[in-house]
């Protein structure tokens, strides 16, 4: 039988498609790489950007508060005192990159305020009381709303980001363990590894923890999407509140000279022409690479790769379903999923699910320390010590002979050959998974593939002929001396040095 090489899986495609938002009508491209196990982006990046935007709106509101307060103070003054009003809005808005610099936005609105305030040289002092009593309170309440919104976002997003960072740290730790143990196996493949250090087991543990990480990331992502969707409504409320306040402001100042009324009306009309969604839409356009795309699909475990995912030490030499004879006399054979890893372990699992629970072997046999019995049809036996981790009293376990049964003789021979070779020398090539269907073969080929007959079997056949009532010899704990051809080809002349002559147990003697 020729050795098979590890299958080379094609590289997973990267998602670079363009997604069009039906709500805003502009295109956004996905920038986050979903194929990275540990994304390089900061989990707090989106939250920090939104907090900075709230600070920008808070400062904008503060600008308006200062503007109205200064107007009330200088209203009783002449043009010299009114210059103080202009100074409150002389500087550009803080965080100017959060506002659109095109015409029709908040930045353009403030430019209009500066231009009109420059012409307000003569204001009457009797407007100070009205400004302080009716215009400032709504702005102060709006300022407090923005601060409360910022505090709510900061407290809520911190929990989700902390959970994501914790999950990523656990995943990164196990990925590093996988790299360490695969390197150890490559450097000293003849040495025995602990069961928990088997790269096959470690890799499945990485998948389990990576799945928990993806769940935390997607939960945090949904929270951020909900916050983003709420931002547009909140900003519309801010703009509408400011527009109402400015309308009251103009009403109080309308009693001034016609020239002043014209200037303030221009300020109002400019502010009212700003659509509620104008700044938010432009903001999403400029920072579509930072904000979470609500139309993009969530991360999928199938698209994620991590270091040493397809390392040859993680690929089983053979895996599939076998039946193992129970130690209880009345239970018979029970099915299970078995794997022979390149680390020369025979593992038993309940199933192949790596997502619902951490994949821990129910049974682990280190094959170089085991004695492989002869194959009889679809049955064979392995005598060794269970070294699976997580079980109390493993240090006191004794060698036990375990009987296995495959679906047919061809599958049994495949399992027996690979297990036999694993006891002699380290094997690093992965065999294909056992198929439940077999191809038809000629009688000559079938006879050539069977193990050679030995003296023990000839004697057993002669004994069967002499006493027909006796049962044929099966695969028992005493039938461990026969040998079959190895994977490299050719019949074995003698048993492996690790094999011992089988001793007839007490029940057989009786």
**Asked** Listed residues 335, 297; which is modelled with pLDDT under 95 and assigned by TED's automatic domain parsing to the domain that holds residue 202?
**Response** 297
**Request:** Just one of (1) crowded, with 18+ Cβ neighbours inside 10 Å; (2) at pLDDT 90 or above; (3) closer than 30 Å to residue 103 by Cβ trips up residue 346, so point out which.
**Result:** (3)
**Message:** Take the conditions surrounded by 13 or more Cβ atoms within 10 Å (Cβ to Cβ), under 30 Å from residue 308 (Cα atoms) and either modelled with pLDDT of 50 or more or outside the structural domain of residue 231 (by TED's automatic domain parsing) (or both) and apply them to residue 33. Does it pass?
**Reply:** yes
**Message:** Can you tell me which of (1) assigned to a loop (DSSP other than H, G, I, E, B); (2) in the same structural domain as residue 378 (by TED's automatic domain parsing); (3) surrounded by 15 or more Cβ atoms within 10 Å (Cβ to Cβ) is the one residue 308 doesn't meet?
**Reply:** (2)
**Fill in**
Of the conditions (1) in a helix (DSSP H, G or I); (2) modelled with pLDDT of 85 or more, the single one that residue 223 does not satisfy is (2)
**Message:** Regarding region 175-189, can at least one residue be identified that is in contact with a helix residue (DSSP H, G or I) (Cβ under 6 Å, 6 or more places away or on another chain), closer than 30 Å to residue 228 by Cβ and in a helix (DSSP H, G or I)?
**Reply:** no
**Item:** Sole residue being in contact (Cβ under 8 Å) with a residue 24 or more places away in the chain, assigned to a helix (DSSP H, G or I) and in contact with a helix residue (DSSP H, G or I) (Cβ under 8 Å, 6 or more places away or on another chain), chosen from 240, 248, 256
**Value:** 248
**Message:** Please determine whether any residue of region 63-86 is in contact with a helix residue (DSSP H, G or I) (Cβ under 8 Å, 6 or more places away or on another chain), loosely packed, with under 15 Cβ neighbours inside 10 Å and without any contact (Cβ under 8 Å) to a residue 40 or more places away in the chain.
**Reply:** yes
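The values are calculated or read from the model by the stated rules, or taken from the named source; none is laboratory data. Model, not experiment: these values are computed from the prediction. Positions of Cβ are generated from backbone atoms using ideal geometry, with glycine treated the same way; all protein chains shown enter the neighbour counts.
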